[in-house]
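Written out below as C-alpha cells is the structure these notes cover.
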C-alpha cells in the first residue's frame with residue numbers, strides 16, 4: 001500500500017461517512033416538507049375514486065373548519081374537519097382518538113349535511129351531551145357549541 | 001386519509017398547514033439509506049484491512065453478506081409490520097453497528113499484532129448483532145400496538161427491579177472491573193441492567209400516564225417554582241433510593257445516573273412542571289455526593305477525572321487514570337482527520353474495544369469522524385422525540401420520550417466520560433461498543449421506537465359510512 005492510496009482511503013472513508021449523514025438529514029428534510037404535496041395528490045385521487053363524497057370545494061367564510069378539544073386528556077388538540085365525517089372514540093380507527101376512560105371505542109360522529117353540521121351518538125355507554133342534554137339522535141351543532149363526551153369537551157372552530 | 005391531529009403544545013392550538021400533514025411511508029428512502037449505511041459498515045471493514053494488513057480482508061464477502069442479510073431482514077420486517085415507521089432510525093443503527101464491528105475487528109488485529117493469539121471480539125459481536133436483529137424482528141412482530149404494553153406497567157416495573165437486583169445475589173452475580181452489574185450462568189454472562197432500562201421506560205410511561213394529573217396539579221409556589229406536594233414525593237423518593245442503591249452496592253455510577261435521569265425527564269415531560277427538575281436535581285446532587293463519600297470506587301473515578309495526568313511519587317500513573325489518559329492521547333494523535341482506519345494504535349488503551357471505542361474511532365477517523373458519529377446519535381434522539389410529538393396517545397408519547405431520553409443520557413454519559421467532561425462511568429456506547437447485552441437491548445429499544453413511530457405516522461383509517469356497520473354498532477345496547 002503506497003502512502004498516497006492510504007491517504008485517499010482515509011479521506012474517501014470520511015467522505016462516505018459524511019455522505020451518509022447528509023443523506024439522512026436530507027431524508028428528514030423531505031419528510032418535513034414533502035408530505036403536504038403527497039397529501040394533495042393523494043386527496044385528489046381519493047376524490048376521483050369516491051365521487052359520492054360531498055365535500056364543498058371552497059369552504060365559505062364562517063363555516064367551521066376544525067374541532068378543538070377544550071378539556072380532558074387530549075386538551076389542546078385541533079383536528080381539521082376537511083375529512084368529515086369524523087369518528088370520535090377510543091378505538092384505533094377513530095379520527096379523533098381520545099384517551100378517556102369514559103369514552104366508548106366508537107363513541108360519536110361529526111358529519112355535515114349541506115351547510116349544517118351534526119353530531120350523532122353511536123350507541124355509546126356514557127352518552128354524548130350537547131350543552132347539558134344527552135342527545136338521542138343526530139343533533140345540529142354550530143360554531144362554539146360545546147360537545148361533551150366522557151370527561152372531554154369539544155367545540156367547532158372556524 | 002384524515003388529517004393528523006397535531007398534538008405539540010402551542011402550535012396545535014391554531015389550525016395551520018401542519019394540520020393537513022400526513023406522513024408518507026418512506027420505505028424507499030429507508031432502503032436507499034440502508035444501502036449507504038452498508039457502504040459505511042462494509043467500507044470500514046475493507047479500509048481496516050487495507051490500512052492494517054495492506055489488503056482487503058479475505059472474508060469481506062462473508063462479512064458483507066451477513067451484514068447485508070441482517071439489514072435486509074430488518075428492512076423487510078419493517079416493510080411488512082410497520083410500513084409507516086420512521087425511515088431514519090434503522091439506517092443509522094445499521095451504520096453505527098457496522099462501523100462498530102469494523103472498529104472492534106481493527107482492535108482485534110492490533111492486539112493480535114502485539115500478543116499473537118489474543119481473544120477476538122469481532123466474531124462474537126457479529127453473533128450478538130444477529131441476535132439483536134432477531135430480537136428486533138420478534139419485537140416488531142409480537143407487539144403490534146405499543147398501547148398493549150400499558151397493561152404491563154407494574155409487571156415491567158417489578159421485573160426491572162428484579163433484574164437490577166440480580167447481580168447482587170451471591171452465586172450468579174459477578175464483579176467485572178469494579179462494578180457488580182453482571183450475572184453469569186453457565187459461562188454465559190449478561191448485564192441485566194440493559195434490559196431493565198427498557199422495562200423501566202414502559203413502567204414509568206404506564207405509571208405517569210395514570211397519575212400525571214395528581215403529580216402536576218397539586219403543590220404550592222415557592223420562589224417562581226411550583227413545588228410538588230409532600231405526599232407525591234413517594235415515587236421519586238423510591239426511584240432515588242433505587243439509584244442510590246445501584247451506586248453504593250453495585251458501584252455503577254453510569255446506570256445510577258441513567259435511571260434517575262430517565263425518571264426525572266419523564267416526570268417533567270408528563271407534568272410540565274419544572275419544580276420536579278429542581279427537586280430531583282437537588283436530590284441527585286445530594287445522593288451523588290453521599291455516594292462519593294461512601295464508595296472508594298467513585299472517589300477513584302472522580303480523582304481520575306479531575307487529575308488524569310497525576311503521577312504517584314514513584315512516577316507511575318495514579319490508579320484509574322491510565323485508561324482515560326491513553327484515550328485522550330489517542331484522540332489527540334488522531335487530530336482533525338484521524339490516522340486512517342487501521343493505522344492508529346487504539347489497542348494501547350485498555351478496553352478500547354468496549355467503553356473506549358469512541359477514543360479509538362477518534363484516533364483513526366479524527367474529529368471529523370467523531371462529529372459524524374455524534375450527529376448520528378443526535379439524529380436518533382431527534383427522531384425519538386419527534387415520534388413523541390406526533391404520537392396521538394399519551395402512553396406512546398411518554399414511551400417514545402423515555403426511549404429517546406435513555407438513549408441520549410447513555411450517549412452523553414459515556415462520551416462525556418471518555419472526553420473528560422464528566423467522571424468516567426462504565427456505560428457502553430450504543431451499537432458501537434463490544435458487548436452483547438447492550439447491543440441486543442438497544443436493538444429492542446429501536447424496535448419499540450419504530451413501533452411507536454409507525455403508529456404515530458400511520459394515517460388514521462377512514463371512517464366509512466356504511467349502514468350495516470352502523471347497525472352493528474348500535475346493537476350494542478345495554479338495556
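Since every read-out is calculated from the coordinates, none of them should be taken as a lab result. Everything numeric here is computed off the predicted structure, so don't read it as measured data. Cβ placement follows ideal geometry from the backbone for every residue including glycine, while neighbour counts extend to all protein chains displayed.
A compact table of results
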item: For peptides B:398-411, B:271-284, sequence by mean Cβ density within 10 Å, most packed first; result: B:398-411, B:271-284
item: Shape parameters for chain B, alpha-carbon atoms, Rg then Dmax in Å; result: 23.9, 90
item: Average other protein chain Cβ within 10 Å of Cβ, residues B:375-385; result: 2
item: Relative contact order for chain B, counting Cα pairs under 8 Å that sit 6 or more residues apart, in percent; result: 22 percent
item: Simple spin-label estimate for residue A:116 and residue A:19 in nanometres, 7 Å along Cα-Cβ; result: 6.4 nm
item: Nearest 10 degrees, 0 to 90: helix B:27-53 Cα axis against chain B principal axis; result: 10 degrees
item: Peptide A:4-16, shielding by other chains (average Cβ, 10 Å cutoff); result: 6
item: Distance between modelled label sites at residue B:83 and residue B:245, nm, 7 Å Cα→Cβ extension; result: 4.7 nm
item: Segment B:48-80 versus segment A:91-158: alpha-carbon centroid distance in Å; result: 55 Å
item: Residue order, fewest to most surrounding Cβ atoms within 10 angstrom, among B:289, B:63; result: B:289, B:63
item: Residue order, fewest to most surrounding Cβ atoms within 10 angstrom, among B:153, B:130; result: B:130, B:153
item: Two-site FRET efficiency, residue B:60 against residue B:318, from Cβ-Cβ distance with R₀ of 45 Å, rounded to 0.05; result: 0.55
item: Order by protection proxy (mean Cβ within 10 Å, highest first), peptides A:129-137, B:259-267, A:96-104; result: B:259-267, A:96-104, A:129-137
item: Degrees separating the helix B:436-457 axis from the principal Cα axis of chain B, which is the longest one; result: 30 degrees
item: Residue A:146-residue A:93 FRET efficiency (beta carbon distance; Förster radius 30 Å; 0.05 resolution); result: 0.75
item: Point-to-point label distance, residue B:282-residue B:154, nm (Cα→Cβ direction, 7 Å offset); result: 3.2 nm
item: Within 10 Å of each Cβ in A:72-79, the average number of Cβ atoms from other chains; result: 6
item: Beta bridges by DSSP in the protein assembly as shown, antiparallel share as percent, to the nearest 5; result: 95 percent
item: Convex hull per residue volume in Å³, alpha carbons only, for segment A:76-158; result: 91 Å³
item: Extended-chain gain in nm, criterion 0.36 nm per residue less alpha-carbon gap, residue B:238 and residue B:378; result: 47.3 nm
item: Residue order, fewest to most beta carbons within 10 Å, for B:307, A:107; result: B:307, A:107
item: Förster radius 22 Å - calculated FRET efficiency between residue B:72 and residue B:127 (Cβ-Cβ, nearest 0.05); result: 0.75
item: Extended-chain gain in nm, criterion 0.36 nm per residue less alpha-carbon gap, residue B:296 and residue B:118; result: 60.9 nm
item: On Cα atoms only, tilt of B:321-334 relative to the major axis of chain B in degrees; result: 90 degrees
